[in-house]
Structures are given as structure tokens and as C-alpha cells.
Amino acid sequence: MQLTADLNSSPSPSLQSFPSSPQQTPTPARIPASNMKKIFLAAGIGSLILILLIFTLSYFFYLRPRIATVKIISTLSPQVATLKTSAKNVIAAVNQIHLLVTAENPADSPLPLETSGLIIHPLLSLLQIDQNVLGLQTVNSNSWLEQNAQNIQEEMSNYWDELDNENPRIAGIRTAAENITTQKNRDLKDETIKAKEYVTIAQKDIDDLVNSSAQAPSSISKSNRDKILASQKVKQDISPYFSEAQKVAGYYQIISDTLITMNTKITSFKNSLSAVSSSLANISPNEVLDNGLKTRATQAQIFLDQAKKDTDDIKTLSDTLQNMKAEDLPAASPEYHAHNLAVLSAVHEYFLTTSGVLQGFITAFKVVSGKVEKNQFTIVDVNMIRSVITAGINQAKVADTKFVSDLQKLLGEEQSLTLTFWQNNTAINQGMNIEASIDAYDKSLSKLKENSKVPLFVK
């Protein structure tokens with residue numbers, strides 16, 4: 001019991017109580033200030049890198065392509081405007097050529113054919129042969145030469161009035177005295193020159209546009225780049241028109257040059273033949289006996305040689321058109337081209353025949369002159385020269401009939417062939433499509449530029 005009491009009364013050392021104290025929590029370890037700065041710096045650098053990365057990616061993949069797109073379009077737009085202007089100039093010039101070559105002449109405008117009987121206007125007359133010359137007998141004082149000369153004059157001029165009354169229109173053989181026609185030819189030449197110049201400019205403009213569009217940076221998206229490179233399709237669309245316009249202008253420039261020059265040659269030809277006729281006209285019997293034919297024939301030959309030169313020059317004009325290369329001829333032009341060649345050929349053939357008739361007269365006069373000089377002029381020589389005149393008249397009749405027939409046929413097909421040529425030339429009829437193609441490309445660029453703008457960044 002004692003033991004129990006002792007245990008209850010004597011506390012155990014291990015259970016000895018200690019003075020009480022407040023409750024204590026663990027204190028976190030302090031981060032040095034230098035480390036904090038490093039953390040903030042690293043965070044800032046990371047954020048900056050992220051921002052720079054976002055900006056860089058935005059610039060290279062968003063802003064830069066748009067900037068490049070706007071920049072290249074700003075370069076191309078003025079070139080498109082220039083091309084549009086030059087294309088309109090080409091179209092206007094070609095349209096004017098079309099109007100000039102298809103326009104009807106005024107109904108009250110006297111436009112006779114220059115190639116007519118009046119070109120051959122021989123005034124051969126009054127070569128009277130004395131009835132006592134080597135036994136030559138004449139019916140009256142007016143000789144056979146005078147009468148026959150009057151006949152050939154009539155035969156070569158009768159159809160002039162007939163054609164003139166019908167107010168014919170055949171390209172290349174109008175009188176140079178007609179201001180309306182001459183001016184029309186000169187206007188045509190002016191338009192062909194302008195058209196060729198405009199085509200050259202337009203072709204350069206489209207090449208410049210294509211070359212500039214090819215400089216589009218690779219940073220531009222493929223779809224946008226394709227829209228810019230559509231200039232190549234524009235070139236494919238409009239180049240055939242420019243090429244054909246160049247051919248049409250070149251063809252009509254040769255035609256207009258031919259008409260203008262031919263009018264000059266025709267006038268010269270007429271004047272030469274008039275001089276030939278004057279040289280052979282009004283020969284008196286005394287002149288024949290005194291061998292005045294020699295002087296007359298010599299003078300006439302000089303003038304006829306000039307007429308022959310004019311005839312050769314007309315042939316040269318025809319050859320210029322004839323020798324055009326097939327690749328230089330406009331499309332749909334074979335029949336129209338053949339018609340124009342036929343006109344020139346008919347004129348040349350008529351001139352050649354007519355000058356040949358007068359050459360026969362001159363040659364006969366020279367033969368008579370030689371016989372007179374040798375005092376050998378006989379009735380045989382009279383019959384010879386009579387035969388020459390008769391043959392000349394017959395040849396002139398045939399030439400006149402054929403020439404009138406040729407001109408009537410050519411006149412009848414002139415308008416229809418001209419209209420058919422222009423209607424069937426599909427390339428030259430694409431004027432409206434040319435402008436539409438350029439406008440469509442221009443609108444596409446404007447829309448692309450507008451869509452590529454970014455407020456505050458890309459304007």
C-alpha cells in the first residue's frame with residue numbers, strides 16, 4: 001500500500017511538467033533579392049520574346065504579304081491605265097479606217113473614174129494627103145486619118161459619160177482633181193500611220209505590264225500572285241487584236257499610198273497622151289511633103305515615153321501590193337486582196353494597150369517620114385499607114401470594151417467584198433472584248449488591293 005501511495009504522491013521524472021509556451025509555426029526560407037531580380041528579368045525576357053515572336057510571325061505571314069501586294073498593285077495600276085489608253089487609241093484608229101473604206105460617197109458628189117476614155121483623148125486630125133502625091137486619090141480634102149482619128153477618139157470616150165452617170169466608186173482610180181476623194185485617201189493614210197504607231201505603243205505597254213507583274217514578291221500568297229500574274233492572260237487576249245490591227249493598218253497604208261500615187265501618175269499619163277495627140281494633130285499637106293512628120297513623130301515619142309514610164313510606175317504600184325507576204329496580209333482578205341489587184345491590173349492593161357496604139361501611129365509616121373526623105377513615098381505606104389490606123393482603132397475598141405466590162409464587174413463587187421472582209425475578220429472585231437479584258441484585270445487588282453489593306457499598317 002505504501003508503495004501505491006508513494007507512486008501517487010511522487011510524480012515521475014519523465015512526466016515532469018515544463019512551463020507552457022506559445023504555439024510555434026515553421027518559417028519559410030527567404031529568397032535572396034538577387035534571385036528575385038533574375039526571375040523577373042527572365043519573365044520579362046520571355047514575354048518580350050513571345051511578343052517579338054508573335055509580331056514577327058504576324059509581319060512575315062500577315063503584314064508583309066499584304067504590304068507587298070499593295071506595293072506591286074500600286075506599281076501595276078498606272079501601267080494598266082496606260083495600256084487602257086493605248087488600246088483605246090488603237091481601237092479608235094482601226095474603227096476610223098473601217099469607216100473611211102466603207103463609207104458611201106455623197107450621191108451628188110461627182111466622182112468619175114479617172115481611168116476612162118478621157119485618159120485617151122487623141123486629137124489626131126487633119127492629116128490631109130494631097131491627091132497629087134504619088135497618085136494618091138482622096139474623096140475629099142479631109143483625109144482618112146482625120147476621120148479615123150475622130151473615130152478612135154469617140155470610141156475611147158463614149159463610155160466615160162456612161163460610167164460617170166452611174167457615179168461609180170472603184171478604189172485607186174479616182175480623179176486627183178476631186179478634193180473629196182483625194183482627201184479621203186490622205187485621211188486613210190493618216191489613220192493607218194496612227195494605227196501602226198498606236199499598236200507599237202500598246203504592244204510595249206502590255207509587255208511592260210507583264211514584266212512588272214512577274215516581279216511580284218514570292219512572299220505574296222499563291223492565290224494573290226495568280227491574280228497579279230493574270231496580266232499574262234490579258235496579253236493572250238489582246239495581242240491577237242493588236243497583231244491583226246497592225247496588218248490591217250499596214251495593208252491599207254499600201255492601198256492609200258497606191259491610190260494617191262496612182263492619181264498623180266494618171267494625171268501625168270493623161271497630160272502625156274494629150275501632148276502626143278497635139279504633136280500628131282493638124283498636120284498640113286505641105287508638112288507631109290516637107291517631111292514635117294519627122295519632127296512631129298519625134299516630139300510625140302518624147303511625150304509617149306513619159307506616158308509609158310507612168311504606165312510602168314502603175315505596174316510597180318501593183319507589184320508592191322502583189323508581192324506582200326502571205327503572213328503580212330490581214331485575215332479573211334484573199335478575195336478582197338484579189339479584187340484590189342484586179343483593179344490595178346485592169347488599169348495597167350488599159351494604159352499599156354492605149355499607149356501601144358499611139359506608139360503604132362508614131363511608128364507609122366516615122367516610116368512615112370523615112371520614105372519621104374528618100375522620095376519613096378507611094379500608095380503602098382499610104383495603105384500601110386491606113387492599115388495601122390484601122391488596126392489601132394479596132395484594138396482600141398476591144399480594149400475599151402474589155403476595160404468597161406472589167407470596171408463594171410469590179411465596181412459591182414467592191415462594196416460587198418469590202419464589207420465581207422471586215423465582217424469575217426474575227427480578230428479585228430474583238431475591240432470591245434479587248435477593253436473588257438483590260439477592265440476586268442484592273443478591277444481585279446483594285447479589289448485585291450482593297451482586301452489587302454490593314455488599318456494603321458497597310459494603306
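Leu163 fails exactly one of the following numbered conditions: (1) at pLDDT 80 or above; (2) in contact with a Ser or Thr (Cβ under 8 Å, 6 or more places away or on another chain). What is the number of that condition?
All conditions pass for Leu163, except number (1).
Consider only pairs whose beta carbons are under 8 Å apart and that are at least six residues apart or on different chains; among these, list those whose first residue lies in the stretch 237-266 and is farther than 16 Å from Thr200 by Cβ and free of Cβ contacts under 8 Å to residues at least 60 places away in the same chain and whose second residue is of a type outside the set (Ser, Thr, Tyr) and in a helix (DSSP H, G or I).
If the second residue must be of a type outside the set (Ser, Thr, Tyr) and in a helix (DSSP H, G or I), the pairs left are Thr261/Asp313; Thr261/Leu317; Lys265/Asp310; Lys265/Asp313; Lys265/Ile314; Lys265/Leu317.
Suppose we filter Lys194, Lys184, Lys233 for residues that are closer than 23 Å to Ser86 by Cβ, buried (at least 17 other Cβ atoms within 10 Å of the Cβ) and not hydrophobic (A, V, I, L, M, F, W, C); which single one remains?
Lys194
Given the condition open to solvent by 60 Å² or more (accessible area, probe 1.4 Å) and closer than 17 Å to Lys366 by Cα, answer yes or no: does some residue in the stretch 263-283 qualify?
Yes; the residues of the stretch 263-283 include at least one that is open to solvent by 60 Å² or more (accessible area, probe 1.4 Å) and closer than 17 Å to Lys366 by Cα.
Go through the stretch 441-458 and give me each residue that's in contact with a helix residue (DSSP H, G or I) (Cβ under 8 Å, 6 or more places away or on another chain) and part of a helix (DSSP H, G or I).
Scanning the stretch 441-458 gives Tyr441, Asp442, Ser444, Leu445, Ser446, Leu448, Lys449, Ser452.
Based on this model, can you work out whether Asn286 counts as out of contact with any helix residue (DSSP H, G or I) (no Cβ under 7 Å at 6 or more places or on another chain), under 23 Å from Asn375 (Cα atoms) and either part of a helix (DSSP H, G or I) or modelled with pLDDT of 90 or more (or both)?
yes
Which pairs do you get when a residue that is more than 14 Å from Ile91 (Cα to Cα), found in the stretch 411-437, comes within reach of a residue that is open to solvent by less than 40 Å² (accessible area, probe 1.4 Å) and among the acidic types (Asp, Glu), reach meaning Cβ atoms under 7 angstrom, with the pair 6+ apart or on two chains?
What qualifies is Asn425/Glu244.
Which ones in the stretch 70-96 are buried (at least 21 other Cβ atoms within 10 Å of the Cβ) and at pLDDT below 95?
Scanning the stretch 70-96 gives Ile72, Ile73.
With the requirement that a residue be more than 22 Å from the chain's Cα centre (by Cα) and either assigned to a loop (DSSP other than H, G, I, E, B) or acidic (Asp, Glu) (or both), what does the stretch 301-324 give you?
Matches in the stretch 301-324: Asp305, Asp310, Asp312, Asp313.
For the stretch 204-230, which positions are of a type outside the set (Gly, Ala, Ser), part of a helix (DSSP H, G or I) and open to solvent by 40 Å² or more (accessible area, probe 1.4 Å)?
Passing the criteria: Lys204, Asp207, Asp208, Asn211, Lys222, Arg225, Asp226, Lys227.
Here are some conditions: (1) in a loop (DSSP other than H, G, I, E, B); (2) under 30 Å from Lys235 (Cα atoms). Gln376 meets all but one. Which one does it not meet?
(2)
Check the stretch 325-343 and report whether any residue there is within 30 Å of Gln423 (Cα to Cα), open to solvent by 10 Å² or more (accessible area, probe 1.4 Å), assigned to a helix (DSSP H, G or I) and touching a Phe, Trp or Tyr at 6+ places or on another chain (Cβ under 7 Å).
Yes; the residues of the stretch 325-343 include at least one that is within 30 Å of Gln423 (Cα to Cα), open to solvent by 10 Å² or more (accessible area, probe 1.4 Å), assigned to a helix (DSSP H, G or I) and touching a Phe, Trp or Tyr at 6+ places or on another chain (Cβ under 7 Å).
Can you pull out every residue in the stretch 214-232 that is in contact (Cβ under 8 Å) with a residue 12 or more places away in the chain and either farther than 15 Å from Ser444 by Cβ or of a type in the set (Lys, Arg) (or both)?
Hits for the stretch 214-232 are Ala214, Gln215, Pro217, Ser219, Lys227.
Which residue out of Ile389, Ile362, Ile428, Ile385 is more than 16 Å from Val276 (Cβ to Cβ), not polar (S, T, N, Q) and not in a loop (DSSP other than H, G, I, E, B)?
Ile385
Can you confirm whether Thr56 is closer than 24 Å to Leu445 by Cα, of a type in the set (Val, Ile, Thr) and either assigned to a helix (DSSP H, G or I) or modelled with pLDDT of 90 or more (or both)?
So Thr56 does not fit the description; no.
If you go through the stretch 63-90, how many residues are over 28 Å from Tyr241 (Cβ atoms) and free of Cβ contacts under 8 Å to residues at least 12 places away in the same chain?
1
May I ask you to verify whether Asn375 is within 30 Å of Glu244 (Cβ to Cβ), at pLDDT 80 or above and open to solvent by 40 Å² or more (accessible area, probe 1.4 Å)?
When the stated conditions are applied, Asn375 does not pass them.
The values are calculated or read from the model by the stated rules, or taken from the named source; none is laboratory data. Not measured: the values here are computed from a predicted model. In this analysis, Cβ positions are derived from the backbone assuming ideal geometry, glycine residues included, and neighbour counts consider all displayed protein chains. Note: areas computed on protein heavy atoms with side chains; ligands, DNA, RNA excluded. Shrake-Rupley method; radii C 1.70, N 1.55, O 1.52, S 1.80 Å.
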